[in-house]
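Before any comments, here is the structure.
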């Protein structure tokens with residue numbers, strides 16, 4: 001019986017030991033890598049982003065995690081370093097598109113604009129001003145009818161500024 005308990009404890013321990021593996025650089029920018037988090041039984045593809053000085057000052061990781069907790073940003077994986085953001089890897093193969101690319105191919109729709117406007121208002125409710133709302137900073141999955149904001153580098157807390165997301169040019173163009 002003791003041996004079985006010991007084996008279970010060891011399995012749980014090794015399942016929780018995750019190793020970050022950087023695979024290759026993406027072509028779009030030079031501060032993002034593709035990688036994976038590997039544990040004993042699975043491997044999860046991730047994006048590893050080096051955070052800029054501005055992103056560190058504005059706590060890009062913290063705001064992305066907060067948005068992720070409210071289903072407004074991709075899942076974030078913990079890392080002890082303050083200059084690395086590790087998030088789930090979302091691409092066209094798993095149904096995700098940059099909003100810019102999706103609308104270029106399919107055009108804008110009222111339903112999608114409504115989803116975007118609701119999500120922007122939700123950002124305000126959790127006290128985050130994105131400060132760079134544009135169609136290249138939004139991921140959209142038409143199959144799940146879900147969207148995520150990305151690139152919180154210039155974001156602030158609403159309490160630290162006198163602005164919010166709904167007086168942003170992107171919001172005004174889409175939602176009013």
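Consider a paramagnetic label point 7 Å from the Cα of residue 83 along Cα→Cβ; state which residues of the stretch 141-176 have an amide N under 20 Å from it.
151-155
Starting from the 7 Å offset along Cα-to-Cβ, what nm value, one decimal, do you get for the label separation of residue 50 and residue 159?
Here the modelled spin labels are 3.4 nm apart.
Among 61, 126, which comes first, then next, by fewest other beta-carbon atoms within 10 Å?
Placing the least packed residue first, the sequence is 126, 61.
Mind sorting 115, 161 by how few other Cβ atoms lie within 10 Å of their own Cβ, fewest first?
By the 10 Å Cβ count, ascending: 161, 115.
As a footprinting exposure proxy, order 81, 174 by other Cβ within 10 Å, with the fewest listed first.
Lowest count first: 81, 174.
Give me the number: length gained by fully extending residue 75 to residue 43, i.e. 0.36 nm times residue separation minus the C-alpha to C-alpha distance, one decimal in nm.
Full extension of this stretch gives 10.0 nm more.
We did not get these values from a lab; they are worked out from the coordinates using the rules stated. Predicted, not measured: the structure shown is a model, and the values here were computed from it. Backbone-built Cβ (ideal geometry, glycine too); neighbour counts: all protein chains shown.
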